[in-house]
Amino acid sequence: MKEKIVMPLWTCCLFIVVMNTTMFNVSLPVIIRDLQITSDLGSWVISSYSIGYALSTVIYSRLSDRIPVRKLVTVGLLILGCSSVLGLFAHNFALLLTTRILQSAGAGVMAGLGLVIASRYIPVERRGAALALISSGSAMAFGLGPIVGGLISEYMGWNGLFAITVLVLLALPVLLYFLPRETVNKEQPFDLTGALLTIINATTLLVAITQRSWIWLGIGIASLFAHILYIRRARLPFVNPQVFRTPDFTRLIIIGFCVLVVNLGNLFLMPLVLADLYHRSALAIGLLIAPGAIISAFCTRYVGRWIDRYGNMRFMLIGQCMLAAVLVLFMLGLDQSALIITGGYVFFSPALSASMASLNNEASRVLPRNQIGSGMGLLQLIQFFGGSVSVAVCGLLLHAIPGVTVQEAYHVVYGCLLVVCLISLGLTLWHSKASSLSNRDLTSVPSGR
């Protein structure tokens, strides 16, 4: 595989895909007004894509165990590109929602297979740099999404947002030319029942949180228990239980969940702080957040090399310490100046990229080769689910704390994110200690500790 061509191009496509989750946020009020729908309906423009994106990510990863990556990339990018063309002409809510769901069904191929490709075809001594590049693309997309969304909505209308994702079709022939031709085990069955149960689990639990419904929560918990019973009886279940038998990977799943809770919670809160406390416009908010995303992308080449040279655990710890420090800064000083947000995110975004790149690299190291597809897909699903939960819970907390001002509510919510970050840091220390005491001798591996 021509990794010097494939990985940068893959990162560009992932940048577009991830940005598609954030650039609609700034346009949501305009969409609600233009289509004359309620805020509850309007929120599904965002949440439908988030739910579908998380689910399609793990499905593509799981399918990579029995279907060649080239075929999956073709299907995913064609679905994403063609549905984006449809979105250019979406002038009613039903068509808009359908388009967003179809987009999410194709978008997951970039997140789901990026880590699989890096884990399968890039040597371990260079894998950290590749994973850091992917992580920086995501981080930069989260930062630049509001800017791009604000500019396009202002000058082209919100339908113009779909034109950005059409661009992925240009990358398809290049990726197909340079991606390796694989030989996979086509006899391995695909567990459709398990996939449907996974979709039901994630969807019902996310709907329960976003809609604050005890009924949906009960359905979600019941479906989760049904899925557990099914996994115990299935021969080759969609969610591979083998990955949970490695304590190292189980800890990494929890750490990944916590890190995404912190990340998406902060990305949700920063624009609200800048709008509510400092009355900044959508475009100004994007400009204040952008420096951190740009610096994160600039630091990627160095962070990746350092991870390969000095090991995963060192950068997991450094990154999460920096995240905790920034959250302390936001919790104590966010009402002092809008530049607190800008300055803090300059450190937060590179720290997040380093944390995620080292975490994903560590996960690819501990997983056996035949479990990489299912394991990395499950890791990403749980990470994105954590982010979706974080956004919903942060929104609820801002309006559920009685007797406090808006300013004080932000302090409390950032304090909650800090607690989650400290839990993640504690688990990382535990993982580091447990790994160092294991009887695996990794001293000859450059990515070791």
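The values are calculated or read from the model by the stated rules, or taken from the named source; none is laboratory data. Being a predicted model, the structure only gives us computed values, none of them experimental. Counting neighbours? That spans all protein chains shown, and the Cβs are built from the backbone with ideal geometry, glycine included. In case anyone asks, the SASA skips ligands and DNA or RNA and just uses the protein heavy atoms, side chains included. Shrake-Rupley method; radii C 1.70, N 1.55, O 1.52, S 1.80 Å.
Remarks
- Charge dipole magnitude, Cβ of K and R +1, D and E -1 - the chain, Cα centre, debye nearest 20: 1420 debye
- Rounded to the nearest whole Hz, the Karplus-based 3J(HN,Hα) values (6.51 cos²θ - 1.76 cosθ + 1.60, θ = phi - 60°) of segment 404-412 follow the sequence 10, 6, 4, 4, 5, 4, 5, 4, 5, with x at glycine and proline.
- Rounded to the nearest angstrom and listed largest first, the equivalent-ellipsoid semi-axes of segment 243-436 from its Cα gyration tensor are 30, 18, 14.
- Accessible area per residue in Å² at 1.4 Å probe, computed on segment 1-179: 35 Å²
- Value in Å of the Kirkwood radius, where segment 1-179 supplies the Cα pairs that are averaged: 16.4 Å
- Looking at segment 243-436, the accessible area is 38 square angstrom per residue; that uses a 1.4 Å probe and ignores ligands, DNA and RNA.
- In angstrom, the C-alpha Rg and Dmax of the chain are 20.8, 63.
- Theoretical gain in end-to-end length, residue 66 to residue 230 [0.36 nm per residue, Cα-Cα removed]: 56.9 nm
- Potential lengthening of the chain between residue 369 and residue 215 amounts to 51.4 nm, from the contour at 0.36 nm per residue minus the alpha-carbon distance.
- Other residues with beta-carbon under 15 Å from the beta-carbon of residue 231 carry, at +1 per Lys or Arg and -1 per Asp or Glu, a net charge of +4.
- Accessible-area composition of segment 243-436, carbon plus sulfur, in percent [1.4 Å probe]: 70 percent
- Karplus-derived 3J(HN,Hα), 6.51/-1.76/1.60, for each residue of segment 152-161, Hz, glycine and proline x: 5, 4, 6, 9, 10, x, 5, 4, x, 4
- Extension gain (nm, one decimal) between residue 196 and residue 336, 0.36 nm per residue minus Cα-Cα: 45.6 nm
- In this simple spin-label approximation, residue 82 and residue 328 carry label points 7 Å from Cα along the Cα→Cβ vector, and these lie 5.4 nm apart.
- Calculated FRET value between residue 156 and residue 411, using beta carbons and R₀ = 30 Å, to 0.05: 0.20
- Relative contact order of segment 1-179, defined on C-alpha pairs under 8 angstrom at six or more residues apart (%): 42 percent
- Spacing of the two label points (7 Å from each Cα toward its C-beta) at residue 309 and residue 176, in nm: 4.1 nm
- Note on residue 125/residue 248: beta-carbon distance plugged into 1/(1 + (r/R0)^6) with R0 of 30 Å gives a FRET efficiency of 0.90.
- Stokes-Einstein translational diffusion, segment 278-380 - Kirkwood Rh over all Cα pairs, 0.692 mPa s, 37 °C, in µm²/s: 217 µm²/s
- Directionally averaged projected area (convex hull, Cα atoms, segment 44-119), nm²: 4.7 nm²
- Ordering 144, 55, 229 by Cα displacement along the dipole of the chain toward the positive end leaves 229 in first place; charges were set at the Cβ atoms of Lys, Arg (+1) and Asp, Glu (-1).
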